[in-house]
Every structure is written in C-alpha cells, then in structure tokens.
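S.K.: One structure is given below, represented as structure tokens, and several questions about it will come after.
The values are calculated or read from the model by the stated rules, or taken from the named source; none is laboratory data. Here the structure is a predicted model, which means the values were calculated and not measured. Every residue, glycine among them, receives a Cβ derived from its backbone with ideal geometry; neighbour counts consider all protein chains shown.
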Amino acid sequence: MKINIGKLAEQKGQIYLIEAFKKVKDKIKDSKLVIIGEGDLRSLLEKKIKELGLENDVILTGYQTNPYKYLKNSKIFVLSSIFEGFGNVIIEAMHFGLPVISYECPGGPKEILKNEFGVLVPPKDVDALANAMIEMLENQEKQKHYSNMSKKRALDYDCKNYAKTLISLKSL
C-alpha cells in the first residue's frame, strides 16, 4: 500500500499522484493507494479516480485524527506536493521506516531527503513519479535500503537531537 497525507488542495498535487498510480496499478495489479486528508479538491479527485477506473484501488479516507495506523501498515510514502513548507509528514513517515518518494518541490522535501534518504523526482512529472514507485515496490533491496535510511534520518529530527542542533546554532 502506498500512502499520501495532506490537504486535498492543488498545492498537494494529489491529481498527479492518482495519474501516476494508474501506471503503477497497470504494472503491479495488487497495488492500493490511500490518500488521507480533506479539502476543496475532493470531488475533482473522486472524478479522476472514477475516470481512471481506480474506484477499488484508491481510498480517500478524509481527515484522520490518527494517521499513524495507516503509516504503520504502508510500504511507501509518496509526497506529491508542488510546493511545500517543511514537510513534517515526511519525518512522520520516516519514523515508521517508510521509504519516501517526493516531488523535488521548493521547500522541505529536498532539504530532508537530499536524494540520499529518499527519492526525489521532478515536480508534476507523472511518469517519473510512477517509475519511482514501481522501482521501489519491485526492488526489495532498494525498499529495505530506503527504509533503513528513513529511520536514520528521522533520528535527526528527534526532539532531543533537534534541540541540540538549535542550541548549537545559537552560538553562531
């Protein structure tokens, strides 16, 4: 199962994620995509899901007070944002050891992932996003590598480690 968490808004790019997922589904038949969040684009996303025949494969859960049960049961996390602030959701996914694939959008994903701790692809590039998901799902070694890297990177944002970093910056 692939997972995405974010407000259903143009900025979050879930329309591109759904289009990319169609390509994944065509190649990996038992694929599922869960999108957690609510927003103004819900009806547009539902229309796209129906248009692509993915009604049984893409689940729009709406807002969830506890998204962690979904993260815990997922294989990869995909951030399809066109632009993003820091990207707390990436760190949350990494805490669960999920390999992360993200658009290389302005903001946090590039800083967090650095193409070392996760996979970055060009924004709005449906084919690149689909190919990255397929490769991650088909290559168990790659999936394991990025899972380990996620856990390692999440530690950099642990409260105690982050506090130490902020204190060290204060002395600059």
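S.K.: Return the residues of the stretch 60-73 that are within 20 Å of E19 (Cβ to Cβ) and buried (at least 17 other Cβ atoms within 10 Å of the Cβ); say none if nothing qualifies.
M.R.: Just the residues of the stretch 60-73 that are within 20 Å of E19 (Cβ to Cβ), to begin with: 60-61.
Within the stretch 60-73, just L60 meets the criteria.
S.K.: Follow-up question, since we're still on this one. Give me the residue from the stretch 97-112 that is out of contact with any Phe, Trp or Tyr (no Cβ under 7 Å at 6 or more places or on another chain) and touching a residue at least 40 places away in the same chain (Cβ under 8 Å) and, out of that set, farthest from K32 (Cα to Cα).
M.R.: Here the residue is I112.
S.K.: Under the condition of being among the charged types (D, E, K, R) and under 16 Å from V121 (Cα atoms), which residue from the stretch 1-22 is nearest to the chain's Cα centre (by Cα)?
M.R.: The extreme case among them is K12.
S.K.: Quick one: in the stretch 103-143, of everything that is assigned to a loop (DSSP other than H, G, I, E, B) and surrounded by 18 or more Cβ atoms within 10 Å (Cβ to Cβ), which residue is modelled with the lowest pLDDT?
M.R.: C105
S.K.: Next up: Looking at (1) part of a loop (DSSP other than H, G, I, E, B); (2) surrounded by fewer than 17 Cβ atoms within 10 Å (Cβ to Cβ), which is the one condition that is false for L98?
M.R.: That leaves (2) as the condition not met.
S.K.: Of the residues in the stretch 1-31, how many are assigned to a helix (DSSP H, G or I), closer than 20 Å to E138 by Cα and not aliphatic (A, V, I, L, M)?
M.R.: 7
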